[in-house]
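S.K.: Dropping the structure in here first, questions after.
The values are calculated or read from the model by the stated rules, or taken from the named source; none is laboratory data. Bear in mind the structure is a predicted one, so any value in this text is a computation, not a measurement. Heads up, the Cβs are rebuilt from the backbone with ideal geometry, glycines too, and the neighbour counts pull from every protein chain shown. SASA here: full protein model, heavy atoms, side chains in, ligands and nucleic acids out. Shrake-Rupley method; radii C 1.70, N 1.55, O 1.52, S 1.80 Å.
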Amino acid sequence: MRIIVFLLFLISSERLAAATTPVLGTTTFNNNFSATANLLASTPSPGSALNVGTSIPSGWDFTVTVPGANVSISASAAGANPGGASDFCIRMNSLTGGVSVQTTGAKSNDGSAFQLQSVYLKLNIVAGAPANMTMTGYRSGVAVSGATLTVNSIATATWTQFDVSAKTAFANVDEFRFTQASGSSAVISFEAVDQITIAAPINLPLTLLDFSGQRTDNKVNLQWTTTQEDNTAGFEVQRDDNGAGFSTVGLVQAAGNSTQIIHYNYTDALPAVSSPAYFYRLKMSDLDGHSTYSPVLKISTPSSGLSFSAYPNPFREQIAITMEAPEADKARLTIRGINGQQLLGQDLSIQKGTNSFPLPAIVHLPAGLYLLNIATSHQQQTIRVLKIE
């Protein structure tokens, strides 16, 4: 049973709107506006317009990120939109000439999940070649494994459909974002979206709380913890021998249905020919045939002290840290700008051996160089990471 908590979000200085769930089907926005409307006035990047709509809130929040610029969001009358069925779209704008929109996104206003089927995107390119654009699905601020689609050579002022109806990774998301794909460098002054089509979410098997492992001699001991299992079937433990490709090395039966925290473990006997690093992931499946993957865990040769790294580095959208810890401990992760100003902080519980933690919050920071510091009760280390546009 789903419990919806009604919250109040500030839409503007004059208007409040209750939390709203996007309506299943296609949202075209033309019923929400009777005239071109400015939803978000000039504001420093990033900027968000919450629960857009006038007399009919749409249930969608929109965000635009343009590093080093002011931004705005508007409901624009764009004539015959895709298929000729809609008069309005939501336009996310850069207000500084020659500075490109980096990320735009749409999220359900009340945080409810949905199955994304398709959405139309239109760009206004002021410099550079046609753009290659990637759409990524997110759940609770974390990119969902496999929930990506890239469409190449999108020309200016052309509606392009991103159809993900056949991609099961988009079956349970609460947000999607557009960014330029690797190698694409068009200067985009605005991105517009329309005709967002969603269905009821497909419940994925479970929520994975953590995934860790330790290497001892010629074996690796893996542990993971789940909560809220729903019709789960089991786990395939998959290993990649230092870039050789993933293959299944073991199976672990799942609880089936549970709202309790459950701990699992698996011991993998390593091949006779040793590799400098092993990579592990879990394929988590339910009884209906749906599946999803865990983050990838890197297991290296044991070390005598704390060490950590970040991958990928440089990064655009996703980055995670991997720590090798000589013992279980508490840690504090801080992210600072190159000027030393603290931007983000997070408390972590680390286990003896290898630990992996995604960092969804850092993707909202503008492009640039950042310092990641890990401090435990015994020592601390700092590394540099570079976010690129």
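S.K.: For residue 255, what charge total do you get from the other residues with a beta carbon under 12 Å from its beta carbon, if Lys and Arg give +1 and Asp and Glu give -1?
M.R.: -3
S.K.: Under unit Cβ charges (Lys, Arg +1; Asp, Glu -1), what dipole magnitude, rounded to 20 debye, does the chain have relative to its Cα centre?
M.R.: 600 debye
S.K.: Which one of 337, 116, 188 is farthest out on the positive end of the charge dipole of the chain, using unit charges on Cβ (Lys, Arg +1; Asp, Glu -1) and the Cα centre as origin?
M.R.: 337
S.K.: Of all accessible surface on segment 260-389 at a 1.4 Å probe, what whole percent is carbon and sulfur?
M.R.: C and S fraction of accessible area: 53 percent.
S.K.: Anyone know which of 329, 217, 241 comes out most mobile in the 10 Å Cα GNM of the chain?
M.R.: In the Gaussian network model the winner is 217.
S.K.: In addition: What share of Cα pairs, in percent, lie more than 27 angstrom apart in the chain?
M.R.: The share of Cα pairs beyond 27 Å in the chain comes to 55 percent.
S.K.: Could you rank 378, 290 by how accessible they are, 1.4 Å probe, largest area first?
M.R.: Descending accessible area places them as 378, 290.
S.K.: Where nothing but the Cβ of Lys and Arg (+1) and of Asp and Glu (-1) is charged, how large is the charge dipole of segment 230-376 around its Cα centre, in debye to the nearest 20?
M.R.: Once rounded to the nearest 20, the dipole reads 420 debye.
S.K.: Please give the peptides 109-116, 182-189 ranked by average Cβ packing (other Cβ atoms within 10 Å per residue), highest first, as a rough proxy for protection.
M.R.: 109-116, 182-189
S.K.: Is the C-alpha gyration tensor of segment 166-224 telling us rounded, prolate or oblate? Criteria: a/c under 1.5 is rounded; beyond that, a/b larger than b/c is prolate, otherwise oblate.
M.R.: oblate
S.K.: Could the peptides 255-264, 118-127 be put in order, highest first, of the mean number of other beta-carbon atoms found within 10 Å of their residues?
M.R.: Going by the mean number of other Cβ atoms within 10 Å, highest first, we get 118-127, 255-264.
S.K.: Just to verify a number: what accessible area does residue 191 come out at with the full protein assembly present, 1.4 Å probe, Å² rounded to tens?
M.R.: Solvent-accessible area, nearest 10 Å²: 0 Å².
S.K.: Then there is this: Net charge near residue 372: determine it from the other residues with C-beta under 14 Å of the C-beta of residue 372, scoring Lys and Arg +1 and Asp and Glu -1.
M.R.: Once all neighbours under 14 Å are counted, the net charge is +4.
S.K.: Another question about this same structure. I'd like to know which of 170, 53, 70 lies farthest towards the positive end of the charge dipole of the chain, counting +1 on Cβ of Lys and Arg and -1 on Cβ of Asp and Glu.
M.R.: Farthest along the dipole direction, towards plus: 70.
S.K.: Looking at this model, which pairs from 298/387; 122/283; 219/283; 107/352; 283/352; 107/298 are more than 26 angstrom apart at the alpha-carbon?
M.R.: The answer is 122/283; 107/352; 107/298.
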